[in-house]
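Let me begin by presenting the structure, written as structure tokens, before commenting on it.
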């Protein structure tokens with residue numbers, strides 16, 4: 001396939017781009033369906049109640065297990081600080097990979113844990129930006145998971161500053177630059 005630049009703007013190039021977007025959306029929806037089937041089986045085996053919601057967000061499949069009422073059971077799938085959720089997400093990505101042969105970047109949320117975490121981390125990133133601007137020095141945050149670092153990097157970029165990750169896993173952290 002030849003690459004068409006925006007300046008060339010041929011109808012053929014425009015059609016190809018639209019086709020690629022449709023193909024990508026279709027592939028991500030397929031990932032979501034595979035993940036949902038896998039997770040439904042897991043919920044059945046574990047005798048846990050929950051509904052599955054699928055979406056496509058930021059060029060990746062997003063699957064959520066939503067409480068059907070009490071929500072207490074779902075906490076078992078989150079674990080302390082989301083550790084079980086991270087492991088479950090990796091297992092779900094492996095299940096998708098097994099079916100499609102492609103590496104998945106699927107995001108899994110359980111009981112709104114990641115959504116709440118995203119809000120907290122956005123506030124943390126915004127506060128770190130304010131501190132870095134006022135002090136005129138870099139602000140180093142605590143060690144975070146890749147998901148947490150991504151959210152903070154996005155918040156810092158939205159505030160108009162730069163950030164970097166430094167260190168080695170599991171002690172890798174974000175540094176906000178003034």
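FYI, it's all coordinate maths here, none of it is from the lab. These numbers were taken from a predicted model, which means no experiment stands behind them. Here the Cβ is made from the backbone with ideal geometry for all residues, glycine too, and neighbour counts use every protein chain on show.
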Problem - Residues 65, 34, 52, 45 arranged by fewest to most Cβ contacts within 10 Å - result: 45, 52, 34, 65
Exercise for the section: Taking only Cα atoms and a 10 Å spring cutoff, compute GNM fluctuations for the chain and point out the largest among 48, 106, 77. Expected result: 48
Fill in the blank from the handout: Per-residue ellipticity at 222 nm attributable to helices in the chain (runs of n ≥ 4 DSSP H, -39500 (n - 2.57) apiece, nearest 500 deg cm²/dmol) works out to -18000 deg cm²/dmol
Practice task
From zero up to wherever the largest Cα-Cα distance of the chain sits, split into 5 Å bins and tell me the percent of pairs in each.
Solution key: 1, 8, 13, 15, 14, 13, 13, 11, 7, 3, 1, 0
Exercise for the section: Report the antiparallel proportion of the DSSP beta bridges in segment 11-111 as a percent, rounded to a multiple of 5. Expected result: 65
Fill in the blank from the handout: Reduced to Cα centres, the span from segment 38-104 to segment 121-178 in Å works out to 27
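With the Cα gyration tensor of segment 117-177 in hand, give its eigenvalues times 5 under a square root as the equivalent ellipsoid semi-axes, listed largest first in whole angstrom.
So the equivalent ellipsoid measures 17, 13, 9 Å along its semi-axes.
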Practice task
Report the Stokes-Einstein translational diffusion coefficient (µm² s⁻¹, integer) for segment 11-111, Rh taken as the Kirkwood radius over Cα pairs, at 25 °C with viscosity 0.890 mPa s.
Solution key: 171
Exercise for the section: First measure r as the distance between the Cβ atoms of residue 165 and residue 44, then evaluate 1/(1 + (r/R0)^6) with R0 = 35 Å and state the FRET efficiency to the nearest 0.05. Expected result: 0.35
